[in-house]
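The values are calculated or read from the model by the stated rules, or taken from the named source; none is laboratory data. For clarity, every value in this text was computed on a predicted model and none was experimentally measured. All Cβ positions, even for glycine, are placed from backbone atoms using ideal geometry, and neighbour counts span all protein chains on display. Surface accessibility is based on the protein's heavy atoms, side chains included, excluding ligands, DNA and RNA. Shrake-Rupley method; radii C 1.70, N 1.55, O 1.52, S 1.80 Å.
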Amino acid sequence: MPHANNVETRAMQIVQLLKETYPESHVTLKARNPFEVLVATILSAQSTDAQVNRVTQTLFRKYRNAESFATTDLHQLELDIFAVGYYRQKARYIQTTCQMLIQQFDGKVPRTMDELLSLHGVGRKTANIVLTRAFGIVEGIAVDTHVFRISRRLELTAGSTPEKVEQDLMKILPKQLWGIINQLFITFGRHICQARDPQCNICPIVSLCPYGQRQN
Ligand code: SF4
């Protein structure tokens, strides 16, 4: 049985152990400024960081600001980001978002959650990532596919939507940890707690995991 006696204590122990396991855990999505963080994060949905980095290496040389994305031919933009998958939807999101940046924010990426959420195609996950990585502002926890899956396996939440999982995690973890959860869980999810085949037999937090305990 997991030995922590309440979910807050267990969550803290889990994060502490993961921090010790992955002291070098770092962001692998490449971006040099807030605008590139925003575009790269939109591109990263359902794609790997490596795929996105390959595309943005040339994309950010061709399109240098919101104006260049906003005014390009949409079909050309689709071709330019084809390799990341879901390219039609992402091209539309990027172009509309850039048009909104020009119309409403003087071409700059806004620095508040509400303003970011007003952009087309930007949900709380993307907004949290942009705020944290671009501006060092922590307002919530970016819940991507790894955070969603792992938090539920660990029974830190029973939420069935990313929004509910984020709310639950924010209730049980202190705010100073919110900003590191996304990257820490991504690293852990890639190496150990994988979607199809979690490696419970070598997992450093198995004693804190109800799912892992049931495998024994
Ligand atoms: Fe994931 Fe298994 Fe570790 Fe639980 S014990 S966190 S399911 S790898």
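Each peptide in 134-143, 68-77 receives the mean, over its residues, of other Cβ atoms within 10 Å, and ordering these scores from highest gives 134-143, 68-77. Of the trypsin sites (Lys or Arg not before Pro) in region 162-216, the ones in a loop by DSSP (not H, G, I, E or B) with at most 15 other beta carbons within 10 Å are R196.
Roughly how many percent of the accessible protein surface of the chain is carbon and sulfur, given a 1.4 Å probe and a whole-percent answer? Percent of accessible area from carbon and sulfur atoms in the chain: 51. Summing charges over neighbours of V84, with a neighbour being any other residue whose Cβ is under 9 Å away from its Cβ, gives +2 when K and R count +1 and D and E count -1. Taking square-rooted eigenvalues a ≥ b ≥ c of the alpha carbon gyration tensor, is region 34-135 rounded, prolate or oblate, where a/c under 1.5 means rounded and, failing that, a/b exceeding b/c means prolate? Oblate. With the simple spin-label model, which puts each label point 7 Å out from Cα in the Cβ direction, the E20 to R196 separation comes to 3.3 nm. Taking all protein chains into account, the per residue accessible area for region 117-216 stands at 45 Å² (1.4 Å probe).
With each label modelled as a point 7 angstrom along the Cα→C-beta vector, the N53-F135 pair spans 2.7 nm.
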